[in-house]
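Working notes for the structure below.
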Amino acid sequence: MLRSLPKLSLLFSSARNPHYLASVQRFISVGRRAASRVKIGVASTVPIRSMSTSTISSAITSETAAEDQVQRVNLLRSTDDNYDGVIVELDQPMDSTTFISILRASVSHWKKLGKKGVWIKLPIHLVNLVEALVKEGFWYHHAEPKYLMLVYWIPESPSTIPANATHRVGIGSFVMNEKQEVRYQNFHWKRVLVVQENSGLFQGTGVWKFPTGVVDQGEDICVAAVREVKEETGVDSEFVEVLSFRQSHNSFFEKSDLFFVCMLRPLSSDIKTQRLEILNAQWMPFEEYAAQPFIQKSELLKYINDTCLAKMGGQYSGFSSVPTSSNFSDQKNYLYLSAGALKSSYSS
């Protein structure tokens, strides 16, 4: 900080001393250029440098008062995450040039604070800033209908920013009607709910299959299984348990896939086919379903069928849904476990 100089003001109070007055004016001129203001950004500010001069004369004071100020740089408003990173949610429109200046100042500030990952949530109406972010080293993390998330890693060490969601979650619903039995090839078989699709991989194949679908964001597996059955067939049902699940890779835009086979208990039997995706639906004897050539040629489906048969015979126990709470969230969630085996372990 340059402090005030009261003694010097006495020496230069007269214009009859041109040598010293010229020196002072040169000094003030240099100070004025150094103290120019940097004004960019839309959010918080941090002081960079401060410089002030003493009152040398009333004329000089009047001339330099507007220049005697603090240099400040505006930064992007951010919140800290749990891993020494920051999250920025942009909303106000701005041009790319102004944004780059604010962004660079912000990254420099976060680096001094020891921050690592930077997450910038860019709403769709600020798409004009995408190119600027990419040129500054940011990369795409994921996209949703109304925003794009870009990320940046500040340290020189390898990035530990987690990848976007790696799996898609699907369900298949095994709905067995215990009240309906039919004689098929000299045996009595319970009927299962099956559908033929009029779109997708099975379109035009004539294959009968279990109702299937994708779990929506924020939806529980047990809820999704019931919903898909209702949407495709009109049958009301309740979740019983997860019988098995399968993991596969590179199945949907290079993402992995988790597929849960769920057993459901029907609460109604009347079928109302959803014509948008489903060509037909019916209650079919399980053995007739399992005897289809497509099913017989699939090792995966044969294992699933064996699991369903074992369950029908009372020789298999799947995973029931148990509502639980967590130390990390007040939201209800489900733990899937073998309730029968757990009860047996308590009694032994």
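The values are calculated or read from the model by the stated rules, or taken from the named source; none is laboratory data. Please read these numbers as outputs of a predicted model, since none were measured by experiment. Reconstructed Cβ throughout: ideal geometry from the backbone, glycine too, with neighbour counts over all protein chains shown. We work out accessible area using only protein heavy atoms, side chains counted, and drop any ligands, DNA or RNA first. Shrake-Rupley method; radii C 1.70, N 1.55, O 1.52, S 1.80 Å.
Here is how the numbers come out for the structure above:
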quantity: Qualifying residue in the range 173-196 (condition: out of contact with any helix residue (DSSP H, G or I) (no Cβ under 8 Å at 6 or more places or on another chain) and under 23 Å from Phe253 (Cα atoms)); calculated: no
quantity: Elements of type strands (runs of 3 or more DSSP E) contained in the range 100-186, each with 1 or more residues being of a type in the set (Gly, Ala, Ser); calculated: 117-123, 139-144, 167-184
quantity: Number of the condition not met by Phe202 [criteria: (1) modelled with pLDDT of 95 or more; (2) of a type in the set (A, V, I, L, M, F, W, C); (3) buried (at least 16 other Cβ atoms within 10 Å of the Cβ)]; calculated: (1)
quantity: So Leu264, is it under 22 Å from His167 (Cβ atoms) and in the same structural domain as Val207 (by the TED database); calculated: no
quantity: Residue pairs meeting the criteria (Cβ under 7 Å; at least 6 apart or on separate chains; first of a type in the set (D, E, K, R), in the range 140-155; second assigned to a strand (DSSP E or B) and open to solvent by less than 40 Å² (accessible area, probe 1.4 Å)); calculated: Lys146/Pro123
quantity: Residue in the range 195-231 that is farthest from Val261 (Cα to Cα), counting only those that are hydrophobic (A, V, I, L, M, F, W, C) and part of a strand (DSSP E or B); calculated: Val195
quantity: Criterion (open to solvent by 50 Å² or more (accessible area, probe 1.4 Å), within 18 Å of Ala163 (Cα to Cα) and of a type in the set (A, V, I, L, M, F, W, C)) met by exactly one of Ile124, Ile87, Ile120; calculated: Ile87
quantity: The range 326-340, residues that are among the hydroxyl-bearing types (Ser, Thr, Tyr) and closer than 11 Å to Val242 by Cα; calculated: Tyr336, Ser338
